[in-house]
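A.B. asks: Structure below; questions to follow.
The values are calculated or read from the model by the stated rules, or taken from the named source; none is laboratory data. Quantities reported herein were computed from a predicted structural model and do not represent experimental measurements. All Cβ positions, glycine included, derive from the backbone under ideal geometry; neighbour counts span all protein chains shown. Surface areas here come from the heavy atoms of the whole protein model, side chains and all, with no ligands, DNA or RNA. Shrake-Rupley method; radii C 1.70, N 1.55, O 1.52, S 1.80 Å.
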Amino acid sequence: QAQVMESGGGLVQAGGSLRLSCTAPGPSFQSYAVGWFRQSPEKEREFVASISWDGANTEYADSVKGRFTISRDNNKNTASLQMNGLKPEDTAVYYCRSRGSGNDYWGQGTQVTVSS
């Protein structure tokens, strides 16, 4: 059974916005930290943002600070990544990661393409 699934990717112009969503079917999601990562042909998979299980703590890569916001709604088993001011260098496949209690789940990824 799939543990994590991303959605919301697409093609946007530079300066545009996208909102990515990460969902999971089970209640364990509510107690797991969630992270967003991205990977492009030019780079290794890199950290983008993360949020603690209760949403109290967030972290961001320097490259996205001030532009991206991670949030979660545990009542809906959903974590989101709001991406504003997108740049061509943000183009990548974005992956959601849910980790906790000895488990480490990755989604299949969603493509984000930012045109110049």
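A.B. asks: Working with all protein chains in place, sort Trp53, Trp106 by solvent-accessible area computed with a 1.4 Å probe, largest first. It would help to have the intermediate numbers written out before the result.
C.D. replies: Values: Trp53 140, Trp106 90 Å².
My answer, sorted largest first, is Trp53, Trp106.
A.B. asks: Keeping the other protein chains in place, figure out the carbon and sulfur percent of the accessible area of segment 8-116, with a 1.4 Å probe.
C.D. replies: 46 percent
A.B. asks: Once a ≥ b ≥ c are taken as the square roots of the eigenvalues of the Cα gyration tensor of the chain, is the result rounded (a/c under 1.5), prolate (a/b larger than b/c) or oblate (a/b not larger than b/c)?
C.D. replies: Prolate, since a/c reaches 1.5 and a/b exceeds b/c.
A.B. asks: Rounded, prolate or oblate, given the Cα gyration tensor of segment 56-116, with a/c below 1.5 counting as rounded?
C.D. replies: In terms of gyration-tensor shape, prolate.
A.B. asks: Using heavy-atom solvent-accessible surface (probe 1.4 Å) with all chains present, what is the largest-first order of Val12, Val34?
C.D. replies: Val12, Val34
A.B. asks: Roughly how many debye, to the nearest 20, is the charge dipole of segment 1-89 about its Cα centre, given +1 on each Lys and Arg Cβ, -1 on each Asp and Glu Cβ, and no other charges?
C.D. replies: With Lys and Arg at +1 and Asp and Glu at -1, about 200 debye.
A.B. asks: Continuing with this model, one more query. Once both labels are modelled 7 Å past Cα along the beta-carbon direction, what's the Ser101-Ser7 spacing in nm?
C.D. replies: 2.4 nm
A.B. asks: Could you point to the residue in Gln39, Thr69, Trp106 farthest towards the positive end of the chain's charge dipole, with +1 and -1 charges on the Cβ of Lys/Arg and Asp/Glu respectively?
C.D. replies: Thr69
A.B. asks: Based on C-alpha coordinates, I'd like the Rg and Dmax of segment 41-82, in Å.
C.D. replies: Rg and Dmax of segment 41-82, Cα atoms, are 11.6, 37 Å.
A.B. asks: With r defined as the distance between the Cβ atoms of Ser40 and Thr78 and R0 fixed at 35 Å, what FRET efficiency is calculated, to the nearest 0.05?
C.D. replies: 0.90
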